[in-house]
Amino acid sequence: MTDELKQASIAAFSNAMHFQCAAHLALGNIQIAGGAVTTNLAFSCELYLKAALIAEGQNAHGHRLDVLFSRLPVIHAKEIERRYNDRLKDGQMNLRDSLTEVGDAFLISRYVHERDHTKIRVGVIGVIVQILVVYLPHAFSHFEANREHQRFLAGQELARISSN
């Protein structure tokens with residue numbers, strides 16, 4: 001990987017964490033923040049996937065989560081899928097079906113006045129984001145510098161999910 005790609009993937013990963021933090025902060029005031037949680041989590045998910053794609057030298061354009069995920073090398077896709085499916089409860093959709101369902105959540109949540117946003121399953125996006133923030137640093141060692149931030153985000157997400 002070239003230095004330029006390495007720096008671009010680190011920037012995308014770091015930016016994804018910033019949007020994930022913004023979503024967590026908004027989650028504390030969901031009545032006030034509303035769609036900001038969905039928008040920030042969806043964009044965070046998009047940026048995590050793009051960070052991995054950039055690190056692999058792949059096309060990282062577009063907003064659809066399912067399309068971005070489909071471009072990941074098989075080794076990463078299978079591990080992310082395994083981690084997601086390990087968390088499934090009876091009757092829940094697998095990762096690929098979930099990504100297809102929430103694929104354009106970022107676009108929809110930004111323009112709620114144009115589309116029906118009430119069917120976006122923000123919890124699904126939150127779980128995917130939590131898996132990505134933990135998995136990607138294991139797959140790409142140059143994301144290592146953000147470990148403390150990742151632990152905070154993973155802990156916040158786990159605390160929120162376990163309180164439901």
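Structure above, values below:
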item	result
Of the criteria (1) buried (at least 16 other Cβ atoms within 10 Å of the Cβ); (2) in a helix (DSSP H, G or I); (3) over 12 Å from the mean Cα position of the chain (by Cα), which one Leu72 fails	(2)
All positions within the stretch 85-128 that are modelled with pLDDT of 65 or more, among the hydroxyl-bearing types (Ser, Thr, Tyr) and either at positive phi or more than 17 Å from the chain's Cα centre (by Cα) (or both)	none
Residue match in the stretch 73-81 (condition: at pLDDT below 95 and within 14 Å of Val133 (Cβ to Cβ))	no
Residue among Ala12, Ala60 that alone is assigned to a loop (DSSP other than H, G, I, E, B) and in contact (Cβ under 8 Å) with a residue 24 or more places away in the chain	Ala60
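The values are calculated or read from the model by the stated rules, or taken from the named source; none is laboratory data. Note that the coordinates shown come from a computational prediction; the quantities given were computed from them, not determined experimentally. Here Cβ is always computed from backbone atoms with ideal geometry, including for glycine, and neighbour counts include all displayed protein chains.
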